[in-house]
2 protein chains.
Amino acid sequence: MSAYAKLEERFGKIAAVGQAAAILHWDAAVMLPEGASAGRGEQLAALEGITHDWLSDARVGEWLAAAEAEKLDAWKTANVREMGRKYKHATAVPGALKEKLVKCSTEAEMRWRSARKENDFAGFAPHLEQLLALVREIAQIKAEAFGVGAYEALLDEYDPGRKVAEIDAAFAPLEKELPGLIEAACERTKALAASLPMVSIPVERQKALGKRLMKAIGFDFQHGRLDESAHPFCGGVADDIRITTRYDEADFSRALMGVIHETGHAMYERGLPGAWSRQPVGEARGMAFHESQSLLMEMQVCRSREFFSFLAPLLGEVFSVRGNAWEAEALYRGYTRVERSFIRVDADEVTYPAHVLLRYRLEQKMIAGDLKVRDLPGAWAEGMKSLLGIVPPDDAKGCLQDIHWPGGAFGYFPTYTLGAMIAAQLYAAAKKAQPEIPGEIAKGNFAPLLTWLREKVHGKASLLGQGELLKEATGQALDAGVYLAHLRKRYVES
Amino acid sequence: MSAYAKLEERFGKIAAVGQAAAILHWDAAVMLPEGASAGRGEQLAALEGITHDWLSDARVGEWLAAAEAEKLDAWKTANVREMGRKYKHATAVPGALKEKLVKCSTEAEMRWRSARKENDFAGFAPHLEQLLALVREIAQIKAEAFGVGAYEALLDEYDPGRKVAEIDAAFAPLEKELPGLIEAACERTKALAASLPMVSIPVERQKALGKRLMKAIGFDFQHGRLDESAHPFCGGVADDIRITTRYDEADFSRALMGVIHETGHAMYERGLPGAWSRQPVGEARGMAFHESQSLLMEMQVCRSREFFSFLAPLLGEVFSVRGNAWEAEALYRGYTRVERSFIRVDADEVTYPAHVLLRYRLEQKMIAGDLKVRDLPGAWAEGMKSLLGIVPPDDAKGCLQDIHWPGGAFGYFPTYTLGAMIAAQLYAAAKKAQPEIPGEIAKGNFAPLLTWLREKVHGKASLLGQGELLKEATGQALDAGVYLAHLRKRYVES
């Protein structure tokens, strides 16, 4: 057996156990009775322990070294590269330190839940301080091992190979143009009196609509499900994609776009090449690309005028509604209203990147040691003021709103806006290559777009680095210009 | 670390992975999209492979030997005994032979599904022959290793320590008395014109009733769920018990008793001692005892007059029904009707053991080599004639009806009737110890019964062998007399 074959076998086993864990994670969010969460935690820890041992086994290191000398095709070569990356992350940090992190972040997350409820930053700060100290220690160790910066070492877990310089270059034009763009977009919203019909729609009808839209986009219910959970997500495994949403009878609009967003993620997972389904090279190309697929569907496609001309009659049919408020143009205006607000997850397409820029700046400073936890509320207020022109009334609506930092996830935030930028570039390229795409979407036919995405993105999995993948698909490197042009066109010029 | 401590750690890990697998099995039956079953099979095989490797590890054998010399309390001593039993089963048979069995039974089960549909015994026979040959080979190997008979070696997997002589002694009075009892019970049914109201009841109301009954019995929804599946079962893990049922709007009666049956299983699992939840000694005491808990609830308790006086007003409320047919006595008669029929799973309390006796006889002969697969249909017809007085019109309603043999499970059938006998003995003993039990059940109060079961059965887990457990709980060894007296009292004398 060649070293490469041994690696494939090992990573195949790791993936099978990882898939089992993925279903258990879904179950924990969707099905688990309240009293069973401690037990579930132990089951998941047991599986995690197994895959970690298999992955960090010294023999994997030996096989990786030996495989370098073997003659491999492009996919296998990329597979070895991705295996190496996983091995590096698994082995760089001492086990005891990782265990400390898990314990500390579990505790911090628990404290954060009550702190957010009670607007108690002071009570939460010591936990965040402790957690930040551990994250910085780990970042430093990885940075030295990987030969990158500390923040980059954290980024790499979510968005492999992403460089800070690249993000800074991409975010700089946003930082410059966003305040003006937001101002103009808010003016447009006022001028158009944009709003969505506020009618109570029973959950069953919202579900039926969600499934109709999923099918239209190409979701295969032979290989997936739609369920409910407190926090919508796309989980499961490639041949069993499980997306969730939550329903509000008083406001159908969120579940509708939420389902589309998760379907975008789902189509990516489902479109990954089956032949590589249990190998690292067969995985999605990081969180920024993943978010690009959900945002391409939700924002680029399904907030377009073409989409609403498909959606309007469908809403009429499934919701049994009629009237001017349910016409395509009215829906388009309602779904493209812009408003400054404090909460990231409620933000619209134009203000969202401002929320991300703020967090990106702050977490970089925290990791660098240039921002102390105790100074976070002040820095938050200042950043909100300069980026969005508003200041949150309290910490619950400010620096306590997100789960990321309390969960130990530093370096995740930029992927949201990187994803939005990639989405803009991909959709522009798709339309350029196949100009019929928008017209077909107006007819509810997503196939031409899906076919293009399958070929250019989904089917490539992790064969290429993200920079190469974007360049091969669009002919361009990451470029804020395309994204800004899209925002201007939709929110200012139209 | 003592050898015992090493064993506890190892078996704790095995149990955690086994629990993960239990949830995935539940998911496969309740949630899994059709296209994902192959992938799920691979995930489960991966987990199975891990626990098998951990269990059959030679070091486990060494620790077991060393633990014998350590000073251990009764629970730990029993734990080592149960660990040893698992180790023995895991290591007795060569891996290649076990793999052959899995492959062959998977294939046979698949062929059986279509053979049953098409009433094609001839097409299925070669697969069953091949499978039987493998099962006999394994039984022989285990018999030599364990120093028991071949059929006993198979029994031991389902009902640890059970002896053929014991079953034969317990079944002999049944064989003798059942034909007469069945005849008399059928006459009673005719005389009482016993039948249940045939009214369409919406699934939602049946579900609501099921949950009300589960709660009354003591099921804790903080640690469990009720869902739907094609074949009802009790799955999940002790702090997350997941029972399922299926609903027929035209016939509410089956889901009702089905839910009670599975709740009986669930109460056993949930009542196992938490301190031993991930150790072999903390597991239920075999399939016969498990079935005794479901049958105690379904047959002993919930087909009693007392139960129907609790149920009747509840049905009126939840189903919004009224009239004579919904009175307690009418329901009691309807639920205790007896009829000869071909299908085991549809059989009533009186004819059921006849179906089991037939299968027990036949599978013993097959394992002994005294009955060839090609002679099975004839032997089936003959056995049905002598035990039940009827002959099935075809093999689909005869020897093709059960999944057990096609799945490779020989030695499982007797546990159904052993369970029924144990249930009769336990309920008699419980009522003797606490005569208020039936009266409390008439009020919907299951607590006195549950408390007794928790103390005498559930809380003991696998501390004792099954014979001792029964004796300590009831003061008696296995005794068909109690069971027969129960049947006579309910179906002949009342």
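Of all the residues that make up the stretch A:112-124, how many are surrounded by fewer than 18 Cβ atoms within 10 Å (Cβ to Cβ) and in a helix (DSSP H, G or I)? Before you say what the answer is, go through the steps one by one.
Here is the first cut: in the stretch A:112-124, the ones surrounded by fewer than 18 Cβ atoms within 10 Å (Cβ to Cβ) are A:113-114, A:117-120, A:122-123.
Of the ones still in play, those that are also in a helix (DSSP H, G or I) are A:113-114, A:117, A:122-123.
The number of residues fulfilling the criteria is 5.
Of everything in the stretch A:165-192 that's touching a residue at least 12 places away in the same chain (Cβ under 8 Å) and more than 30 Å from A:Tyr412 (Cβ to Cβ), which residue is surrounded by the most Cβ atoms within 10 Å (Cβ to Cβ)?
So, considering only residues that are touching a residue at least 12 places away in the same chain (Cβ under 8 Å) and more than 30 Å from A:Tyr412 (Cβ to Cβ), the one surrounded by the most Cβ atoms within 10 Å (Cβ to Cβ) is A:Arg188.
Filter the stretch B:437-457 for residues that are surrounded by fewer than 17 Cβ atoms within 10 Å (Cβ to Cβ) and not in a helix (DSSP H, G or I) and give the result.
Correct list: B:Lys443, B:Asn445.
In the list B:Phe233, B:Phe310, B:Phe289, B:Phe252, which residue meets the criterion of being at negative phi and more than 24 Å from the chain's Cα centre (by Cα)?
On the way: B:Phe233 fails: more than 24 Å from the chain's Cα centre (by Cα); B:Phe289 fails: more than 24 Å from the chain's Cα centre (by Cα); B:Phe252 fails: more than 24 Å from the chain's Cα centre (by Cα).
After ruling out the rest, the residue left standing is B:Phe310.
Looking only at the stretch B:258-283, how many residues end up being assigned to a helix (DSSP H, G or I) and farther than 12 Å from B:Thr244 by Cα?
12
Report the residue count in the stretch B:189-230 for those that are at pLDDT below 95, under 22 Å from the mean Cα position of the chain (by Cα) and of a type in the set (Val, Ile, Thr).
Looking only at that region, the number is 0.
Being among the hydrophobic types (A, V, I, L, M, F, W, C), surrounded by 24 or more Cβ atoms within 10 Å (Cβ to Cβ) and not in a loop (DSSP other than H, G, I, E, B) is the filter here, so list the residues in the stretch A:408-436 that pass it.
Matches in the stretch A:408-436: A:Leu418, A:Ala420, A:Met421, A:Ile422, A:Ala423, A:Ala424, A:Leu426, A:Ala430.
Take A:Met287 and decide whether it is in a helix (DSSP H, G or I), farther than 17 Å from A:Met214 by Cβ and in contact (Cβ under 8 Å) with a residue 12 or more places away in the chain.
Criteria met by A:Met287.
Quick check on this structure: which one of A:Gly210, A:Gly218 is in contact (Cβ under 8 Å) with a residue 40 or more places away in the chain and at positive phi?
A:Gly218
Being within 14 Å of chain B (Cβ to nearest Cβ) and either under 26 Å from A:Leu226 (Cα atoms) or in a helix (DSSP H, G or I) (or both) narrows it down to one of A:Glu9, A:Glu82, A:Glu62, so name that one.
A:Glu9
Test B:Ala38 against the stated conditions and say whether it is buried (at least 18 other Cβ atoms within 10 Å of the Cβ), among the hydrophobic types (A, V, I, L, M, F, W, C) and within 10 Å of another protein chain (Cβ to nearest Cβ).
no
With A:Arg285, A:Arg246, A:Arg254 as the choices, which residue is under 21 Å from A:Lys456 (Cβ atoms) and of a type in the set (D, E, K, R)? Give the steps one after another, and end with the answer.
On the way: A:Arg246 fails: under 21 Å from A:Lys456 (Cβ atoms); A:Arg254 fails: under 21 Å from A:Lys456 (Cβ atoms).
That would be A:Arg285, the only listed residue that is under 21 Å from A:Lys456 (Cβ atoms) and of a type in the set (D, E, K, R).
Quick test of your reading of the structure: A:Ala45 fulfils all but one of (1) in contact with an Asp or Glu (Cβ under 9 Å, 6 or more places away or on another chain); (2) at the interface with chain B (Cβ under 9 Å from one of its Cβ atoms); (3) at pLDDT below 95. Name the failing condition by number.
If we test A:Ala45 against (1) in contact with an Asp or Glu (Cβ under 9 Å, 6 or more places away or on another chain); (2) at the interface with chain B (Cβ under 9 Å from one of its Cβ atoms); (3) at pLDDT below 95, just (1) comes out false.
Determine whether the stretch A:203-223 contains at least one residue that is within 14 Å of chain B (Cβ to nearest Cβ), in contact with a strand residue (DSSP E or B) (Cβ under 8 Å, 6 or more places away or on another chain) and assigned to a loop (DSSP other than H, G, I, E, B).
For the stretch A:203-223, residues within 14 Å of chain B (Cβ to nearest Cβ), in contact with a strand residue (DSSP E or B) (Cβ under 8 Å, 6 or more places away or on another chain) and assigned to a loop (DSSP other than H, G, I, E, B): present.
Taking only pairs six or more apart or across chains, which ones have beta-carbon atoms under 7 Å, a first residue in the stretch A:1-19 that is within 21 Å of A:Val237 (Cα to Cα), and a second residue that is among the hydroxyl-bearing types (Ser, Thr, Tyr)?
Short answer, once both residue conditions are applied: A:Ile14/A:Thr51; A:Val17/A:Thr51; A:Gly18/A:Thr51.
Taking the stated definitions as given, is A:Leu154 surrounded by 20 or more Cβ atoms within 10 Å (Cβ to Cβ), under 25 Å from the mean Cα position of the chain (by Cα), assigned by TED's automatic domain parsing to the domain that holds A:Gly369 and not basic (Lys, Arg)?
In short, no.
Out of the residues in the stretch A:65-79 that are in contact (Cβ under 8 Å) with a residue 40 or more places away in the chain and either closer than 19 Å to A:Arg278 by Cβ or of a type in the set (D, E, K, R) (or both), state the one that is nearest to the other protein chains (Cβ to nearest Cβ).
Looking at the filtered set, the residue picked out is A:Asn79.
From the set of residues in the stretch B:22-35 that are within 8 Å of chain A (Cβ to nearest Cβ) and in a helix (DSSP H, G or I), which is nearest to B:Glu269 (Cα to Cα)?
B:Ile23
What is the residue count in the stretch A:50-59 for residues that are surrounded by 14 or more Cβ atoms within 10 Å (Cβ to Cβ) and either within 11 Å of another protein chain (Cβ to nearest Cβ) or not aliphatic (A, V, I, L, M) (or both)?
Summing the residues that are surrounded by 14 or more Cβ atoms within 10 Å (Cβ to Cβ) and either within 11 Å of another protein chain (Cβ to nearest Cβ) or not aliphatic (A, V, I, L, M) (or both) in the stretch A:50-59 gives 6.
Taking the stretch B:321-380 only, how many residues are hydroxyl-bearing (Ser, Thr, Tyr), assigned to a loop (DSSP other than H, G, I, E, B) and buried (at least 18 other Cβ atoms within 10 Å of the Cβ)?
2
Only residues that are more than 14 Å from every other protein chain (Cβ to nearest Cβ) and β-branched (Val, Ile, Thr): list them for the stretch A:224-268, please.
Hits for the stretch A:224-268 are A:Thr245, A:Val259, A:Ile260, A:Thr263.
Regarding the stretch B:226-233, can at least one residue be identified that is outside any helix (DSSP H, G or I) and of a type in the set (D, E, K, R)?
Within the stretch B:226-233, one or more residues are outside any helix (DSSP H, G or I) and of a type in the set (D, E, K, R).
So the check is Cβ under 6 Å with 6+ separation or different chains; which pairs have a first residue in the stretch B:105-122 that's over 18 Å from B:His404 (Cβ atoms) and a second one that's surrounded by 14 or more Cβ atoms within 10 Å (Cβ to Cβ)?
Note: pairs meeting the criteria are B:Asn119/B:Asp395; B:Asn119/B:Ala396.
Just checking, which of B:Ile167, B:Ile138 is within 24 Å of B:Pro406 (Cα to Cα), in a helix (DSSP H, G or I), under 25 Å from the mean Cα position of the chain (by Cα) and assigned by TED's automatic domain parsing to the domain that holds B:Asp394?
When all the criteria are applied, what remains is B:Ile167.
Take the stretch A:141-164 and flag every residue that is part of a helix (DSSP H, G or I) and without any contact (Cβ under 8 Å) to a residue 12 or more places away in the chain.
A:Ala143, A:Glu144
The values are calculated or read from the model by the stated rules, or taken from the named source; none is laboratory data. Computed from a prediction, not measured in an experiment: that's the story for all the values here. Please note: Cβ atoms are built from the backbone with ideal geometry, for glycine as well, and neighbour counts cover all protein chains shown.
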